[in-house]
1. Look at residue 199 and say whether it is buried (at least 19 other Cβ atoms within 10 Å of the Cβ) and closer than 24 Å to residue 436 by Cα.
2. Can you name every residue in region 82-135 that is part of a loop (DSSP other than H, G, I, E, B) and touching a helix residue (DSSP H, G or I) at 6+ places or on another chain (Cβ under 7 Å)?
3. Go through the residues of region 263-277 one by one and say whether even a single one is of a type in the set (D, E, K, R) and in contact with a Pro (Cβ under 7 Å, 6 or more places away or on another chain).
4. Condition test on residue 370, is it assigned to a helix (DSSP H, G or I) and either within 24 Å of residue 153 (Cα to Cα) or open to solvent by 40 Å² or more (accessible area, probe 1.4 Å) (or both)?
5. Give me the pairs: first residue in region 310-331 and in a helix (DSSP H, G or I), second residue hydroxyl-bearing (Ser, Thr, Tyr) and open to solvent by 10 Å² or more (accessible area, probe 1.4 Å), beta-carbon distance under 6 Å, and six or more apart or on different chains, which are they?
6. Checking the structure you have, find out if any residue of region 229-243 is of a type in the set (S, T, N, Q), open to solvent by less than 20 Å² (accessible area, probe 1.4 Å) and touching a residue at least 24 places away in the same chain (Cβ under 8 Å).
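The values are calculated or read from the model by the stated rules, or taken from the named source; none is laboratory data. All values derive from a computational prediction rather than experimental measurement. All Cβ positions, even for glycine, are placed from backbone atoms using ideal geometry, and neighbour counts span all protein chains on display. In case anyone asks, the SASA skips ligands and DNA or RNA and just uses the protein heavy atoms, side chains included. Shrake-Rupley method; radii C 1.70, N 1.55, O 1.52, S 1.80 Å.
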Amino acid sequence: MLFKVIFIFGLLICGFITNAQEEPDFKTYFLQQAALLEEVSKSQNSDKYAAILQDFERTYQHLKAADKPKYRTLFETSNAYFLYDLSRIFSLKNSKKVALDYLDKALRSGFIWDSLRFDEGLNNIRQESRYEAITTQLFQVQDCWARADKAKQGGMLDSMLYYGREGLRLTRMNMGQFPEDILILDMVNLAYLLWWAGDYPSSLETNFKALAKAEKLNDPFWMARAYNGIAMVYRNQGQYREAIGYFTRAEEVSKDLPDRSEYFSAVMDKGKSYEQLDILDSAYDYVQKWLTAKMAMEKTPDPFTRPDGSGGGEATLAIVYSKRGEEALATEYFRKAFQLNTEAKNFRLLARSYLEYAEHFDRYNESDSAIYYATKGYNLDQANNFLVYQIAASKLLSALYDSKRNSDSAYKYQKKMVILQDSLFNSERISRMQMLSLNEQLRQQQVKAEMAENAAARDRNIQYLLIAVVLVTGTVLFLLLSRSFITSAAVIKFLGVVGLLLVFEFINLLLHPYLDKMTQHSPVLMLLALAAIASMLVPLHHKLEKWTSDTLVEKNRKARLAKARKTIEVLSEKEDPAPLTLPADHP
């Protein structure tokens, strides 16, 4: 029996060690497998490719069971691509049915890249009727988002939102064809378009819905994406403290992900929020943290994270220097921001950096230069329909022209500012924002309350089981120690089994959270742990049962002897009559 216990514990410890070793090496393992699959793909060895892919899936399944969600998005995305690549290999080998099977699996796993339309490797299956059935829904969704993006680039906000909503509607209609990740992706994309158009309440609502779905998947990447989207809404609304809170959440859930793009976005935009609050030390620290990471990735590319090529961070750092009075450094970083934003064709950030440079000149009382750059920013805002930035540019230009006693231009820009302000930040929208924020707070409180209730229910179950164990143990002891009862051995054995089960369940409930953490939710390791506990309880139960049986036999023997003595005494009294007493006058 001792050997069995040692053997089970050995397996358990090996499982813990395996779990601990696999986590930090998974990124390296992934890169090795990806490189190997690329080589095998060139040789079109479908059997070897499929075998490597199965091993990749098995390895991830272990990680998934061990509660390592940080690799989930990486796996889902790459697995969809690998399935697509396998479909391509079979198509080139003219194995049409197998190629279509893998293509269907790829799309259901989340393959959404537009290369599907033009890949010559799929030419052998394009004329198949099943190919059309598999790809039609995806192409419709892709077309909607492509049109939405084109409308965004052209400043056609109504068309942009129409096609974005239509793309999300089609995804919802065909959820049998797409995984939940694609629905969340479309939701955060629509939320971004709504934010771009200045419809902050709708953007906030869509981001909250995406966050709820991401939480159900326990996927930190999508949670971080939603947190960043929510924070951006609050920041543009001027609610900088709320924005910092959500940027912090995004930072916390994404810091250990392979793809750190959401983490760096949170860090940079958190720095921007601190700058807008004039907390310059914190702003500088966060933007420098982002800039250091960006420079490191430019020198040594990260295979999982693509650095942001725009100049938003540089512009924020320039403002910090400007507010500190370091004019030369501010000018240097503004020019860097202009160059990077121009090269990246990020006209939104370019327009914003022009306005921020105008504010810099206004800060140093150079009104002509301020008007020049504010006008450049305003014209770029108008050309691209950047409504929110038009408000800021109009406000600054109105103040600048007013200081120059140019009342006509001041009135013109003030009128534009009031119209846009009333459209984007009216009382109805503000009330809706407040209601949405309150509803989200209530939802989060409900989630916390449910977690607390589950913990309380577990504590109650432990208490009930403990009471049951005490009652069964007390009953057994009473039957063993009582001298007035002759107890059947079968009753004691039955109560012993019940007690064993109750004790095992009690230990299971008591240790479950710790076993969960130690085994990292691995079913195999949990089973081994419980088997190890049982292997210790069963021998103990056998020893207790033997002791109980021996005690019971001895107790029953003594009880029977006592009862026999009492019976004999009673019978003796009946058989020996009392001596006859004669009357006094008897002769």
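1. yes
2. If the condition is that a residue be part of a loop (DSSP other than H, G, I, E, B) and touching a helix residue (DSSP H, G or I) at 6+ places or on another chain (Cβ under 7 Å), then 93, 94, 109, 110, 111, 112, 119, 128 are the ones that fit.
3. no
4. For residue 370, the condition - assigned to a helix (DSSP H, G or I) and either within 24 Å of residue 153 (Cα to Cα) or open to solvent by 40 Å² or more (accessible area, probe 1.4 Å) (or both) - is not met.
5. 314/333; 317/333; 318/333; 320/284; 329/321; 330/321
6. Looking for residues that are of a type in the set (S, T, N, Q), open to solvent by less than 20 Å² (accessible area, probe 1.4 Å) and touching a residue at least 24 places away in the same chain (Cβ under 8 Å), one finds none in region 229-243, hence no.
For (1) closer than 26 Å to residue 26 by Cβ; (2) modelled with pLDDT of 90 or more; (3) in contact with a strand residue (DSSP E or B) (Cβ under 8 Å, 6 or more places away or on another chain), each residue gets a yes or a no:
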position	(1), (2), (3)
51	yes, yes, no
57	yes, no, no
84	yes, yes, no
106	yes, yes, no
122	no, yes, no
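Table: residues versus (1) within 19 Å of residue 260 (Cα to Cα); (2) exposed (fewer than 14 other Cβ atoms within 10 Å of the Cβ).
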site: 290; (1), (2): yes, no
site: 295; (1), (2): yes, yes
site: 306; (1), (2): yes, yes
site: 318; (1), (2): no, no
site: 321; (1), (2): no, no
site: 339; (1), (2): no, yes
site: 344; (1), (2): no, no
site: 347; (1), (2): no, no
site: 353; (1), (2): no, no
